[in-house]
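The values are calculated or read from the model by the stated rules, or taken from the named source; none is laboratory data. Everything numeric here is computed off the predicted structure, so don't read it as measured data. Positions of Cβ are backbone-derived with ideal geometry, glycine not excepted, and every protein chain shown enters the neighbour counts. Keep in mind that these areas ignore ligands, DNA and RNA; they rest on the heavy atoms of the full protein, side chains included. Shrake-Rupley method; radii C 1.70, N 1.55, O 1.52, S 1.80 Å.
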Amino acid sequence: MIDLPVVSDPRGDLTFVEGGNHVPFDIRRVYYLYNVPVDAERGGHAHRELEQVVFALSGSFRIKIDDGNSKSEYVLRDPRRGLYINKLVWREMDNFSQGAVCMVLASRPYDETDYYRDYGDFLAATSA
Ligand code: TYD
């Protein structure tokens, strides 16, 4: 988990993130998920090279991760606390709350050839 700084005053909270400082890579892409149905399942893939940090900017969701040897799961609900996901880690996301917003900081531009979308192919890569 990565804890970001927070600057709080009576006007509210401010959190910031600097690539290469608070996250261990230069940020090349930001994307966010919103209008997610509460029964949706997202993810279901791993990446060859991409590193990411995932935040719940609003609401909450569950994220299950699997490095091919061990599995764990987290509930993200604090906008100042993100989950770092290294390359070669399978992830699945579900249990989105109504109105949840998921923001992802990524180390590379979008590239479909960087994805493992087949779990068998992912497992083969982790045991290679
Ligand atoms: P995907 O990464 O499978 O979404 P999730 O892991 O949240 O379920 O991406 C869904 C679709 O969006 C897929 O067709 C690829 C496209 N996409 C982009 O075009 N650019 C992006 O930066 C991302 C993350 C996805």
query: Considering only residues of segment 47-60 that are over 11 Å from the mean Cα position of the chain (by Cα) and within 21 Å of N35 (Cα to Cα), which is most open to solvent (accessible area, probe 1.4 Å)?
result: L57
task: Report whether or not D13 is surrounded by fewer than 17 Cβ atoms within 10 Å (Cβ to Cβ), free of Cβ contacts under 8 Å to residues at least 24 places away in the same chain and more than 14 Å from the ligand (Cβ to nearest atom).
output: no
Residues of segment 39-56 classified as in contact (Cβ under 8 Å) with a residue 60 or more places away in the chain, within 10 Å of the ligand (Cβ to nearest atom) and in a loop (DSSP other than H, G, I, E, B), total: 1
query: Being under 12 Å from the mean Cα position of the chain (by Cα), of a type in the set (G, A, S) and part of a strand (DSSP E or B), is that true of even one residue in segment 79-95?
result: yes
field: segment 97-117: number of residues that are under 15 Å from the mean Cα position of the chain (by Cα) and either away from the ligand (no atom under 15 Å from the Cβ) or open to solvent by less than 30 Å² (accessible area, probe 1.4 Å) (or both)
entry: 6
Residue count, segment 72-96 (criterion: within 16 Å of the ligand (Cβ to nearest atom) and small (G, A, S)): 1
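Residue check: is N21 more than 30 Å from S127 (Cβ to Cβ), surrounded by fewer than 11 Cβ atoms within 10 Å (Cβ to Cβ), of a type outside the set (F, W, Y) and away from the ligand (no atom under 12 Å from the Cβ)?
Yes: the conditions hold for N21.
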field: Residues of segment 61-78 satisfying the condition of being assigned to a strand (DSSP E or B), open to solvent by 40 Å² or more (accessible area, probe 1.4 Å) and free of Cβ contacts under 8 Å to residues at least 60 places away in the same chain
entry: R62, K64, K71, S72, E73, V75
